[in-house]
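Only one structure is covered here, and it is reproduced in the block below.
We did not get these values from a lab; they are worked out from the coordinates using the rules stated. Quick caveat, the model's predicted, so the values are computed rather than measured. Neighbour counts are summed over all protein chains in view; Cβ atoms, including those assigned to glycine, are modelled from backbone coordinates with ideal geometry.
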Amino acid sequence: MVQVHGQGGVKFQNWAKTYGCSPELYFQPTSVEEIREILDMARQRNKRVKVVGGGHSPSDIACTDDFMIQMGKMNRVLKVDKEKQQVTVEGGIFLSDLNVELSKHGLALANLGAVSEVAAAGVIGTGTHNTGIKHGILPTQVVALTLLTASGEILECSESINADIFQAARLHLGCLGVVLTVTFQCMPQFHLHEVTFPSTLTEVLDHLGDHLKRSQYFRFLWFPHSENVSVIYQDPTNKAAITFICLVLQPPLSSASWLWDYAVGYYLLEFLLWISTFAPSLVSWINRFFFWLLFSSRVENIAISYKIFNYECRFKQHVQDWAIPIEKTKEALLELKAALENNPMMVAHYPVEVRFVRGDDIWLSPCFQRDSCYMNIIMYRPYGKNVPRLNYWLTYEGIMKKYGGRPHWAKAHSCTRKDFEKMYPAFSKFCSVREKLDPTGIFLNAYLEKVFY
């Protein structure tokens with residue numbers, strides 16, 4: 001019998017410091033036996049259990065007042081199969097570590113989100129995505145996983161073993177059990193050539209099909225209160241990792257790039273956004289000014305894939321991100337733009353990030369059975385100060401719902417079970433798997449109760 005000890009007095013906060021909780025006991029297990037013991041203890045004391053990885057989700061999906069399991073000590077690479085180009089890892093490994101390990105074996109993941117300080121099990125738990133109409137959300141790269149259920153049983157899951165549980169567990173919301181291992185399908189290591197150039201919202205929406213054909217990982221940033229758009233193309237290249245910087249403003253000197261990246265792109269922006277909390281009408285000026293300053297020239301860059309996919313999220317922020325059917329992109333964005341124009345009191349920080357993702361068959365995937373457009377809106381919190389956003393939030397949610405949208409599971413939203421039953425054809429299938437694997441609801445919390453009850 002292993003003796004496992006939980007820590008009291010730990011305060012958990014997500015990365016953006018928008019949600020937090022004080023679990024009664026906080027555990028960092030190093031083995032399956034220890035996790036089993038924690039689950040036994042939770043059962044005996046009638047407590048619930050929440051598993052957490054990097055804590056990046058900008059919602060309360062990981063919060064609990066009972067027992068919290070942080071998987072950071074179960075973070076090994078277990079197997080690299082070069083022939084099949086697959087890697088099996090423990091659920092607690094951060095993708096930032098996995099990227100480096102894969103690189104040593106000449107492998108890479110075909111797609112990654114913006115942040116890699118996230119655990120493998122957490123990435124699939126919430127349906128992390130990037131962009132690229134040939135690419136699905138990150139869980140589509142999962143070919144197998146093992147799950148420790150509430151009863152202490154270990155289930156191997158894949159397309160051929162426990163197939164139903166596999167389709168549920170590839171986007172599991174942390175409510176089916178503890179994901180012990182994940183097997184990812186990889187591909188040979190590759191470099192990406194990134195080109196960023198200015199455009200207008202009208203041009204991009206009118207020629208969306210062309211842009212999607214032209215670049216494998218195409219996305220764009222729209223600057224609210226303006227027509228300004230920054231288009232980003234990322235494509236595999238055979239060229240070596242040379243950085244081309246074609247900005248007159250930005251000679252490739254480290255001190256100069258620090259000046260633009262940090263002094264202007266972070267510190268000056270944060271200060272101006274803070275001032276705009278007293279004079280909201282400044283926001284549209286700030287959006288235009290920063291587009292002109294940092295996004296109005298063409299910039300090129302070549303680097304190993306994960307360095308291009310990942311970028312530094314500096315600002316604490318509130319964020320929403322819904323997926324709508326791809327053919328509704330133009331209508332929905334124009335409606336959001338019109339809503340902002342018709343309500344001068346409603347302000348929106350830049351950028352609205354627009355990404356495109358291939359449809360899949362994962363039951364709770366926002367891209368279930370349809371190619372999708374994700375429309376990501378943010379409100380920064382300059383110096384931790386909350387900016388009024390409710391009006392903007394509800395307007396955006398209303399538009400997303402109108403066009404058949406589904407919210408990103410990691411982000412804040414106001415949907416309930418009734419909404420999800422309408423949005424997800426396979427919702428009842430997921431519920432029955434969840435009830436079978438966790439009949440007493442040991443893995444539930446306040447966030448999940450809104451989803452399932």
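Quick notes on this structure:
- Separation of the L334 and S199 label points, Cα + 7 Å toward Cβ, nm: 1.6
- Within straight-line cross-link reach of K418, aspartates and glutamates at Cα separation under 17 Å, skipping those fewer than 8 residues along the same chain: E397, E449
- Charge dipole (segment 7-70, unit charges on Cβ, about Cα centre) - positive-most of P58, M68, S22: P58
- Low-density loop cleavage sites - chymotrypsin sites (Phe, Trp or Tyr not before Pro) in segment 267-320, where at most 10 other Cβ are within 10 Å (DSSP): F278, Y311
- Sequence-separation-based contact order of segment 7-70, relative, with Cα cut under 8 Å and 6+ spacing, percent: 42
- Only aspartates and glutamates eight or more places from K104 in sequence, or on another chain, were considered; those with a Cα closer than 14 Å are D81.
- About its Cα centre, the chain has a charge dipole of approximately 420 debye under the convention of +1 per Lys or Arg Cβ and -1 per Asp or Glu Cβ, with nothing else charged.
- Using the Cβ-Cβ distance between K134 and V264 with R0 set to 30 Å, the FRET efficiency works out to roughly 0.30.
- Pair Q189, W274: separation of 7 Å Cα→Cβ label points (nm): 4.2
- Between helix 329-342 and the chain: long-axis angle, C-alpha atoms, 0 to 90°, nearest 10: 70
- Correct option for semi-axes √(5λ) of the Cα gyration tensor in Å [calculated from the coordinates] among (i) 47, 28, 24; (ii) 36, 25, 22; (iii) 32, 30, 22: (ii)
- Cross-link pairs K11/K385; K11/K436; K307/K422; K134/K402; K134/K316; K134/K307 - those with Cα-Cα distance over 28 Å: K11/K436; K307/K422; K134/K316
- Taking 23 Å as the limit for the C-alpha separation, the pairs K50/K401; K50/K79; K429/K450; K213/K401 exceed it in the case of K50/K401; K50/K79; K213/K401.
- For segment 269-310, backbone nitrogen atoms closer than 18 Å to the point 7 Å from R214 Cα along Cα-to-C-beta are found at 295-301.
- For the chain, excluding the exposed loop sites themselves (GluC sites (Glu not before Pro), DSSP loop, at most 11 other Cβ atoms within 10 Å), the longest remaining stretch covers 160-311.
- The simple spin-label model puts a point 7 Å past each Cα toward its Cβ; for S281 and K11 those points are separated by 3.9 nm.
- Computed FRET value (nearest 0.05) for S414 with T440, which takes r as the C-beta separation and R₀ as 35 Å: 0.80
- Calculated from backbone phi, Karplus (6.51, -1.76, 1.60) coupling profile of segment 369-374 in Hz, x at Gly/Pro: 6, 7, 5, 10, 10, 9
- The chain: calculated mean residue ellipticity at 222 nm from DSSP helix runs of at least 4, using -39500 (n - 2.57): -8000 deg cm²/dmol
- Counting Lys and Arg as +1 and Asp and Glu as -1 over every other residue whose Cβ lies under 15 Å from the Cβ of S432, the net charge comes to 0.
- Mean separation of Cα pairs under 8 Å and 6 or more residues apart, divided by the residue count, gives the chain a relative contact order of 18 percent.
- Karplus-derived 3J(HN,Hα), 6.51/-1.76/1.60, for each residue of segment 100-117, Hz, glycine and proline x: 5, 4, 4, 4, 4, 9, x, 10, 7, 7, 5, 8, 9, x, 6, 10, 10, 7
- From phi via Karplus (6.51, -1.76, 1.60), per-residue ³J(HN,Hα) for segment 222-229 in Hz, x at Gly/Pro: 9, 9, x, 6, 7, 9, 5, 9
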